[in-house]
Amino acid sequence: MANEQDPPLVVVIYTGNTNLSVMSTAKSLESTIDLTAENIGGIDETSVTLHPGVNVLTGRNATNRTSFLQAIMAALGSEQSSLKGDANEGGVELTFEDSEFTRSLHRQNGSVSFDGNPYLEDSELADLFAFLLESNEARRAVGRGDDLREIIMRPIDTDEIEAEISSLEDEKRELDDQIAELQRLEDELPELESERVSLEEEIERVSARIDELETELEEHEINVDESRTRKEELEDAFAELRSARKEFESVEYDLETERESLQELKRERDELEEAIEEHTAENTESPDRLDGRISELRERKRSLDSKLTELQNVIQFNENRLSGDGIDLDGELSDDDSAELTDQLVEESDEIVCWTCGSTVERDRIESTLERLQSLHQNTLAERNDVQDQIDELSERKSEIKENAQRRSQLKRKLSSTEDEIEMREGQIEDLEAQLGELDERVEDLEADAESFEDTDYSDVLETHRELNRVELELEELESDRSGVADRIEELEATIDDRGELEKRRTEIDEELTELRTRVDRIEEDAIDAFNDHMESILSVLQYGNIDRIWIERRETSVRDGRRTVSKTAFDLHVVRTTDEGATYEDTISHLSESEREVTGLVFALAGYLVHNVYEEVPFMLLDSLEAIDSDRIASLVEYFEEYVDCLVVALLPEDAQPLPESHHYVTEI
C-alpha cells in the first residue's frame with residue numbers, strides 16, 4: 001500500500017465511448033474495473049476498483065503513478081513493466097466485463113520473465129500507440145528526431161505482403177495465358193462460320209450434280225437394252241473403284257496432316273532448344289551459396305533484434321529511474337527514508353544514487369550515458385534495417401534463380417516429349433507413304449479394268465458412272481469436312497463460355513494486387529493525414545503563441561540498395577511560425593518548447609493509434625508525465641483524446657487535475 005505520508009496521486013481514466021465513428025467493434029466498458037497488483041514497479045501491494053466513466057486518483061511525484069500504469073500494461077499483455085527491486089516475483093489481475101486477465105512476473109538470472117493469461121496475445125501495437133508513458137517510442141520519436149516512417153510502418157509485415165503479391169501475380173499470368181488462348185479461339189470462330197457456309201453451299205451444288213448424273217443413268221437404262229449380267233459387272237467395277245479411290249484420298253489426307261504436324265513439332269523443338277539455352281545462360285549463381293548468405297543475414301538480424309530489445313529495456317528502465325517515479329533502491333526503505341528520497345528527487349539534485357552499484361554519481365553522467373545508449377539504439381536500428389534490405393534483395397535473387405531453374409526443367413521435359421512425338425510421327429509417315437503407294441497401284445488396276453468397258457456399247461454409261469463415282473466421293477468428303485467444322489465450332493463456343501469467369505477472377509486479382517501494392521502507401525498517407533489534421537485541431541484548441549502549423553510531408557528519396565538504386569519514403573516534419581511583424585518562416589523541431597514537443601509527440605502516437613485501428617485490439621490508452629504541459633492545456637488535451645478511445649488513463653499532478661470536471665469518479669488511495 002502507498003505510504004501514509006505520501007501526498008495523493010492523480011490518474012484519470014475515461015471509459016466512455018463518445019465517438020462511434022472512429023471506434024470499431026470494440027465493446028464499451030460497462031462494468032467496474034478491478035485491478036490487483038503486487039510487486040509491480042514501486043508498488044508493494046494494491047487493489048483498486050475503477051468505474052465506467054472517468055476515474056481520478058490524486059498524488060505527487062514518486063507515488064507510484066507510473067507503476068500503477070505499468071500494472072495495467074502488464075495485465076493487458078505488455079512486457080514493458082518492471083518487477084519491484086527487492087522482489088523475485090510479482091503479479092497483476094485485471095477484471096472487467098465478467099472476464100479475468102492475469103499476469104505474473106519472475107526474476108531469474110538477472111532478467112524478468114512473464115507468463116499468465118493477458119488481454120492481448122501480441123502487445124506490439126499497444127506498446128507503440130496505446131501505452132503512451134514517458135519513454136514510449138512513438139511519443140518520443142518527434143523530440144529525438146527518429147525515423148517517423150519506420151515507427152508508423154513497423155507493425156506492417158511487408159514480407160507477407162510481398163509473398164501475397166508474388167502468388168497473385170503467378171495466378172494472374174496463368175489467367176492471362178488462358179484468356180489470350182480463348183481470345184485466339186474466339187477470333188477463329190468467324191472463319192469457321194464462313195467455312196461452314198461455304199461447305200454447305202458446295203454440298204448443295206454437288207448434291208444437285210449427283211441428281212443430274214443419276215437421272216442420266218436412268219435414261220441410259222431405258223434406251224439401252226443391256227443384259228443383267230453386264231450391268232452388274234459394270235456396277236461392281238465402279239463400286240470397287242469408288243471405294244479404292246475413297247481409301248486412297250483418305251490415306252493421302254492423313255499423310256498430309258501428319259507431315260504438317262511433323263513440321264510444327266520440329267519448329268517447336270527448335271524454339272524449346274533455344275529457350276533452354278537462354279535459361280541455362282541466365283542461371284549463373286548457386287542457390288546454396290545464396291541460402292548460406294541469407295541464413296547468415298537472418299542470424300545477424302535476430303541478433304540485432306535481440307540487441308534492440310535489450311537496449312530499449314535498458315533505456316526505458318533508466319529513463320523511468322532517472323525521472324524518479326516509483327524508485328525502490330533496496331526494497332527495504334523505511335517510511336522516513338522513502339519520504340526523504342522523494343524530497344530529494346522532487347528537488348532534482350545534481351547527484352543521485354546509482355541503482356546498479358549504490359554509489360553517488362552526478363546526474364549529468366547518467367544522462368550522458370543514457371544519450372549514448374539512445375544513439376547506440378538508433379545505430380543498431382539502422383544496421384538492422386540495412387540487414388533486412390540485404391535479406392530482401394538476396395531472397396528476391398534466389399527466387400528468380402529458382403524460378404529460372406524450374407522453367408528450364410519444364411522446358412527440358414517438354415523437349416523430350418516433343419522429340420518422342422517427332423519420332424512417332426516420322427514412323428507413321430513412313431507407314432502411310434507405303435500404304436499410299438499400294439493404294440495407288442490398286443486404283444490404277446481398277447481404272448484399267450473399268451476402261452475395258454469403253455470398247456463396248458456401254459461407253460456412255462461408263463463415263464456417267466465414272467463421273468457419278470467421283471462426285472459421290474467429293475460429297476462424302478465435303479460432308480465430313482462440314483461435320484468437323486461444326487464440331488470445332490461447338491467445342492470453341494463451349495470453351496469460350498468460360499472466358500467470363502476467367503476475366504472476372506482476373507479483375508478480382510487486379511483489385512487485390514492494387515490493394516496490396518498500395519496498402520503501404522495508404523497507411524503512410526493516412527498516418528500523415530491523421531497527424532496533420534489532428535495537429536491542426538490541437539494547435540487551434542491549445543493556442544500555442546506563434547506556431548502557425550506543424551505538419552508532416554511524405555517525400556520519395558533514392559537510396560543505394562546493394563547494386564541497385566531504389567526509391568524509399570521519408571517523413572519530414574515541418575514547423576511554421578509567425579514573427580511579431582506577421583511574416584511566416586519555417587523552424588525546426590528542436591526550437592519547440594518542451595510543452596510543444598510533448599503535444600506533437602502525443603499527436604503522432606494518436607495518428608498511429610487511429611491508422612492501425614488499435615482501438616480494435618485494446619480498449620485502453622495510457623498517458624503519463626504531462627507536467628511539461630500547463631494544466632488548462634492538459635484538460636483540453638484529455639478532452640480531445642477521450643473522443644477516440646474507449647478507456648483513457650492519464651496520470652496527473654493534483655494541480656494539473658484541477659481543471660478537469662468534478663463529475664469524474666475519484667479514488668484517493670492506491
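Just a few scattered comments:
- ³J(HN,Hα) computed for each position of region 368-377 - Karplus, 6.51 cos²θ - 1.76 cosθ + 1.60, integer Hz, glycine/proline x: 5, 4, 4, 5, 5, 5, 5, 5, 5, 4
- Its Cα gyration tensor gives region 31-184 an equivalent ellipsoid; the semi-axes, largest first and in whole Å, are 44, 19, 17.
- Amide H within-cut-off set for Met621, under 5 Å, with H built and near neighbours excluded: Cys647, Leu648, Val649
- Debye log10 I(q)/I(0) for region 373-428, one point scatterer per Cα, at q = 0.15, 0.24, 0.29, 0.30 Å⁻¹: -0.65, -0.89, -1.00, -1.02
- The phi torsions of region 629-645, fed into the Karplus equation with coefficients 6.51, -1.76 and 1.60 and a -60° offset, translate into couplings of 9, 5, 4, 5, 5, 4, 4, 5, 5, 4, 4, 5, 5, 5, 5, 10, 10 Hz, rounded to whole numbers, with Gly and Pro shown as x.
- Cα-projected label distance for Asp170 with Gln183, points at 7 Å along beta-carbon direction, nm: 2.5
- Residues Glu515, Glu319 arranged by fewest to most Cβ contacts within 10 Å: Glu515, Glu319
- Simple label model, 7 Å out from Cα along Cβ direction - Thr309 to Glu403, nm: 3.4
- Measuring r between the beta carbons of Asn613 and Asp431 and using R0 = 56 Å, the FRET efficiency lands at 0.15.
- Rounded to 0.05, the FRET efficiency of the Glu643 and Gln108 pair, given R0 = 56 Å and the Cβ-Cβ distance, is 0.85.
- Length gained when the stretch Glu423-Glu273 is fully extended (0.36 nm per residue, less Cα-Cα span): 52.3 nm
- Exposure proxy shown here: for Met153, Met621, the number of other Cβ atoms within 10 Å sets the order, fewest to most, as Met153, Met621.
- Take the convex hull of the alpha carbons in region 407-558; its mean projected area over all directions comes to 21.5 nm².
- Highest-first arrangement of 130-139, 102-111, where packing means the average Cβ count within 10 Å: 130-139, 102-111
- Cα-Cα pairs of region 509-604 separated by more than 21 Å (percent): 47
- Loop-located GluC sites (Glu not before Pro) in region 596-670 (DSSP state other than H, G, I, E, B) with a sparse environment of at most 15 neighbouring Cβ atoms within 10 Å: Glu643, Glu662, Glu669.
- Applied to region 172-189, the Karplus parametrisation 6.51 cos²θ - 1.76 cosθ + 1.60 on θ = phi - 60° returns per-residue 3J(HN,Hα) values of 5, 4, 5, 5, 4, 5, 5, 5, 4, 5, 5, 5, 4, 5, 5, 5, 6, 4 Hz, with x for Gly and Pro.
- Distant-in-sequence amide contacts of Ser82, defined by a placed amide H-H separation under 5 Å and a gap of 5 or more residues or a different chain, comprise Gly41.
Bear in mind that the values in this text are calculations on the coordinates, not laboratory data. This structure is a prediction, so every number in the text was calculated from the model and none was measured. Glycine also receives a Cβ, built like all others from the backbone with ideal geometry; neighbour counts cover every protein chain displayed.
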